[in-house]
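> For reference, the structure I am asking about is given below.
Here, each number is a calculation from the coordinates, and none is a lab measurement. Owing to the predicted nature of the structure, the values given are computational and were not obtained by experimental measurement. Cβ placement follows ideal geometry from the backbone for every residue including glycine, while neighbour counts extend to all protein chains displayed.
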Amino acid sequence: MHWRTRQKAAKIILGGITFFFLIFQWFPLFTMGVLSFTGPDDGTTFPMRSLSLHWYREFLRDSFVDDFKPPMYRSLVLAVICSVTTAGLALAAAQAMRSRFAGSDLFFYLILLGIMAPGILVGLGMAVVARVLGIPLAWYSTTLAVHLVWTLPFGLLLLLAAFNRFDRELEEAALTLGANRWSAFWRITFPLVLPGVIGAALFGFTLSYDEFARSLFATGSEQTLPLIIFAQFDRQLQPTLYAIGTTTTVISLGMVGLFALLFRIVRRRAQTTSPGVN
C-alpha cells in the first residue's frame, strides 16, 4: 500500500474515532437539553408529548423547597473567585520557578500533589483540619481552599509553558534601557504571557464550577450547586434538573467563549503592538 494511501486511511480512521467520541461525549448533554423543554405532565424520558418552558419557570420560581438559585449563585461566585485567585497565584508561582532556588523542585511537586491526591480525601482532610482548628466550614473559605488546591496545578503548568516560550532577552533589553524589574515585568513580561494567564483563569473557573468530590466534606450548610443536584438523586427525578443542567452547560460554554474572545483580543493586540515578536 502506498504511503499516501496509508496516510489517508489513517486520517479517516482517526477522524471517525474522534467523531464518534464527540458524539458519545455530547449526546447526553443534548438529550438533557431536549428533555428540559418537556411539558408539565411529561416525565423524564422519551417520548415527549409537548414542549414548554415550564421547568425553566419552576427553576426560576421562588420556593422554600428545592430552590436552586442560591446554590447556583454560590457556585458562580466561588468559580469567579477561584478563577481570579488561580490566575494570580499561578502567575506568581511560575515567575518564581523561572529562577532556580533552594527547594524549587519540592515546591513544584508539592503543588502538583493537588492533582495526584484523591479529591474526596483532600476534602475530608480539610474538614478534619477545620474541625481541629475550630474553623467553620463554608463555601467561601474551606471550599475555596480545596478548590484552589485542585485548580492551581493546572494554572501553574499552563503558565510554565507560556514562560518556556518567553524570550528572556526582551526583559534584559528593558533592564539595559533603564527599566527596573517591576516595570519590566508589567510592561514586557506580563503582556506576553497574558494569554497563559487567561487560560489559567479559565481552568480555575471551569474546574471549580462543577467540582463535587472536594466540596463534599469541605462545604457547610450553604452548599454549592453540584452538591444540591446530587442530593436530589434520592428523590423522584424531575425535569427541573434537566433545566438546571442545560442552564449550567450554557453558562460554562459562555464562559469558555468569553475567555476565548479575551484570548483573541490579547493576541491581536500583542501582534499589533509588537509585530516583530512571535
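> Just how far, in whole angstrom, is segment 44-111 from segment 167-225 if you go by their alpha carbon centroids?
Each part reduced to its Cα centre gives a spacing of 16 Å.
> Using modelled backbone amide H atoms (1.01 Å from N, in-plane), which distant-in-sequence or interchain residues come within less than 5 Å of THR38's amide H?
SER52
> Using only the alpha-carbon atoms of segment 88-278 as identical scatterers, what base-10 log of I(q)/I(0) does the Debye formula give at q = 0.09, 0.12, 0.15 Å⁻¹?
Values, matching the q order: -0.46, -0.75, -1.01.
> Let me ask something else about it. Using modelled backbone amide H atoms (1.01 Å from N, in-plane), which distant-in-sequence or interchain residues come within less than 5 Å of GLY220's amide H?
ALA138, TRP139
> Same structure, new question: Relative contact order for segment 88-278 using alpha-carbon pairs under 8 Å, separation at least 6, rounded to a whole percent?
For segment 88-278, the relative contact order is 29 percent.
> Tell me the label-point distance for the pair ARG165, ALA96, using the 7 Å Cα-to-Cβ offset, in nm and rounded to one decimal.
Going by the 7 Å Cα→Cβ label model, 2.6 nm.
> Something else about it: Let's see if you can work this out: charge +1 on each Lys and Arg Cβ, -1 on each Asp and Glu Cβ, no other charges. What is the dipole magnitude of the chain about its Cα centre, in debye to the nearest 20?
That gives the chain a dipole magnitude of about 1080 debye.
> Within the chain, which whole H helices from DSSP have a Cα span along their axis of at least 24 Å and a mean Kyte-Doolittle hydropathy of 0.5 or more, if any?
Qualifying helices: 3-35, 69-97, 142-164, 190-209, 240-273.
> Pull out the extension gain between LEU175 and TYR140, defined as 0.36 nm times the separation in residues minus the alpha carbon to alpha carbon distance; nm, one decimal.
Length difference between fully extended and current span is 8.5 nm.
> Hey, what number do you get for the chain at 222 nm if only DSSP H runs of n ≥ 4 count, each worth -39500 (n - 2.57), divided across all residues, to the nearest 500?
Counting only the DSSP helices, I get -24000 deg cm²/dmol.
> Gain in length, SER221 to VAL266, computed as 0.36 nm per residue apart minus the alpha-carbon separation, to one decimal in nm?
Separation in residues times 0.36 nm, less the Cα-Cα distance, equals 12.1 nm.
> Also: Take VAL250, VAL149 and order them by how many other Cβ atoms sit within 10 Å, fewest up front.
VAL250, VAL149
> OK, next. Can you give the extra length, in nm with one decimal, that the chain gains between VAL250 and ARG61 once fully stretched, where that is 0.36 nm per residue apart less the Cα-Cα distance?
66.1 nm
> While we're on this one: Peptides 106-115, 120-129: what's the order by average Cβ count within 10 Å, highest mean first?
Final packing ranking: 120-129, 106-115.
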